[in-house]
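Reading through the structure tokens given below for one structure.
The values are calculated or read from the model by the stated rules, or taken from the named source; none is laboratory data. Predicted, not measured: the structure shown is a model, and the values here were computed from it. Cβ coordinates were reconstructed from backbone atoms using ideal geometry, including for glycine residues, and neighbour counts include every protein chain displayed.
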Amino acid sequence: MEAKDDRGKENTLRRIVRAGVIASVYVGLTYALAPISFGQFQFRVAEALTVLPILYPEAVPALFIGCFLANIIGPYGILDIVLGSLTTLLAAALTRMFRKSAIAYFWPIALNAFIVSAYLSLLAETKASYWVFVLSIGVSEAVSVLLVGIPLVKFLRTSYPDTIS
């Protein structure tokens, strides 16, 4: 009985550590690439991590925390910190929910494109239309998710199949 308890504790510890790594990598990538991580024409490389809920349930809260912390240095203040983070949380939860379907990759792209654009079009110094923001953020998000996120998921599935939940 004790061996089973130890495995459960070890598994819990692994998930906590993995969540911490995901959150910190998200923050680190966003901070390191801050000049291109914020704004209307942003390319947030860290958004590639938004597909990790396909493999790991702990990625859902980790992405929320990572985005929350990363948005603290952003130029758009409390609105971006709260709404951007909640958008990431919703996208991560839906990605996890639909993890066995290709639609899982759709959620971070669509939600960021439509929700983040709604408040950035009001806050940004560039007075472009909402649809310009949707297109810009949608393309940027698609590049991160499809060109970096999908290969990341494939790599993790083949290299670490015993870690997937």
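Please tell me if Leu147 is hydrophobic (A, V, I, L, M, F, W, C), within 18 Å of the chain's Cα centre (by Cα) and either at positive phi or surrounded by fewer than 17 Cβ atoms within 10 Å (Cβ to Cβ) (or both).
So Leu147 fits the description; yes.
Do we have Arg44 as among the basic types (Lys, Arg), crowded, with 17+ Cβ neighbours inside 10 Å and either out of contact with any strand residue (DSSP E or B) (no Cβ under 7 Å at 6 or more places or on another chain) or under 15 Å from Ile137 (Cβ atoms) (or both) here?
yes
Restrict the check to segment 67-76 and report whether at least one residue is within 16 Å of Val145 (Cα to Cα) and crowded, with 19+ Cβ neighbours inside 10 Å.
Yes, segment 67-76 contains at least one residue that is within 16 Å of Val145 (Cα to Cα) and crowded, with 19+ Cβ neighbours inside 10 Å.
Do any residues in segment 133-162 that are closer than 15 Å to Ala104 by Cα have Cβ atoms under 6 Å from those of residues that are among the aromatic types (Phe, Trp, Tyr) and at pLDDT 95 or above, where the two are at least six apart or on different chains, and which pairs are they?
Pairs found: Val145/Tyr105.
Would you call Ile78 free of Cβ contacts under 8 Å to residues at least 12 places away in the same chain, more than 21 Å from Val27 (Cα to Cα), assigned to a helix (DSSP H, G or I) and out of contact with any strand residue (DSSP E or B) (no Cβ under 9 Å at 6 or more places or on another chain)?
Considered against the rule, which asks whether it is free of Cβ contacts under 8 Å to residues at least 12 places away in the same chain, more than 21 Å from Val27 (Cα to Cα), assigned to a helix (DSSP H, G or I) and out of contact with any strand residue (DSSP E or B) (no Cβ under 9 Å at 6 or more places or on another chain), Ile78 comes out as no.
Look at Thr88 and say whether it is free of Cβ contacts under 8 Å to residues at least 40 places away in the same chain, crowded, with 20+ Cβ neighbours inside 10 Å and either polar (S, T, N, Q) or closer than 29 Å to Leu123 by Cα (or both).
For Thr88, the condition - free of Cβ contacts under 8 Å to residues at least 40 places away in the same chain, crowded, with 20+ Cβ neighbours inside 10 Å and either polar (S, T, N, Q) or closer than 29 Å to Leu123 by Cα (or both) - is met.
Limited to segment 22-40, what total is found for residues that are surrounded by fewer than 17 Cβ atoms within 10 Å (Cβ to Cβ) and either more than 20 Å from Gly149 (Cβ to Cβ) or free of Cβ contacts under 8 Å to residues at least 24 places away in the same chain (or both)?
6
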